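Data block below; observations after.
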Amino acid sequence: MAHRVTGVLIFFFLFVHVLDTALVRVSPEAYDDVVATYKTPLVALLEYGLVAAILFHALNGLRVIAVDFWSKGPRFQKQMLWTVMGIWIVLMVGALYPVLGHAVREVFGS
């Protein structure tokens, strides 16, 4: 279920990204305004959520491939899920500063 949810969230992000990028042809000033909102702490938090969705979707996708195409995959799917979750948590902790560092400095000062 989480794999489908993250897939849908990534799809909607890409849809919005295409729309906001296309805005530059319609109104460069509106595009600049939209891009300015992307520098807010709230959007940084949403970016962290996007990183979480992409990482989980990619790692879990590899697990799904292993379950489907490896003859022992179904037998080890629970262990592979826990491995995916462990790797995902480590990567998300590693992404904290690069993704949220600017937002923390913005909120709490440099």
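The values are calculated or read from the model by the stated rules, or taken from the named source; none is laboratory data. The structure presented is a predicted model; accordingly, all values stated were derived computationally and were not measured. As a convention, Cβ positions derive from the backbone with ideal geometry for all residues, glycine included, and neighbour counts pool all protein chains shown. Just so you know, the surface numbers come from the protein's heavy atoms only, side chains and all, with ligands and any DNA or RNA stripped out. Shrake-Rupley method; radii C 1.70, N 1.55, O 1.52, S 1.80 Å.
Spin-label pair I54-V107: with each label point 7 Å from Cα along the Cα-Cβ axis, the two points sit 2.2 nm from one another. I'd like the FRET efficiency for Y38 and I87, computed as 1/(1 + (r/R0)^6) with the beta carbon distance as r and R0 of 35 Å, rounded to 0.05. For R0 = 35 Å, the calculated efficiency reads 0.80. Ranking of E47, E106 by solvent-accessible surface, largest first: E106, E47 (1.4 Å probe, protein heavy atoms only, all chains present). For the set F76, F56, F15, F69, solvent exposure ranked by accessible area (probe 1.4 Å, protein chains only) runs largest to smallest as F69, F15, F76, F56. Protein heavy-atom surface of the stretch 1-108, 1.4 angstrom probe: 74% of the accessible area is carbon and sulfur, with nucleic acids and ligands not counted. Extents of the chain, taken as max minus min of Cα coordinates on every principal axis and listed largest first, are 56, 36, 16 Å.
When shorter helices are ignored and each DSSP H run of at least 4 residues is given -39500 (n - 2.57), the per-residue value for the chain at 222 nm works out to -31000 deg cm²/dmol.
With R₀ fixed at 25 Å, the C-beta to C-beta distance from Q77 to L14 puts the FRET efficiency at about 0.30. The largest accessible area among L55, L46, L91 belongs to the first residue in L46, L91, L55, and the rest follow in falling order (1.4 Å probe, all chains).
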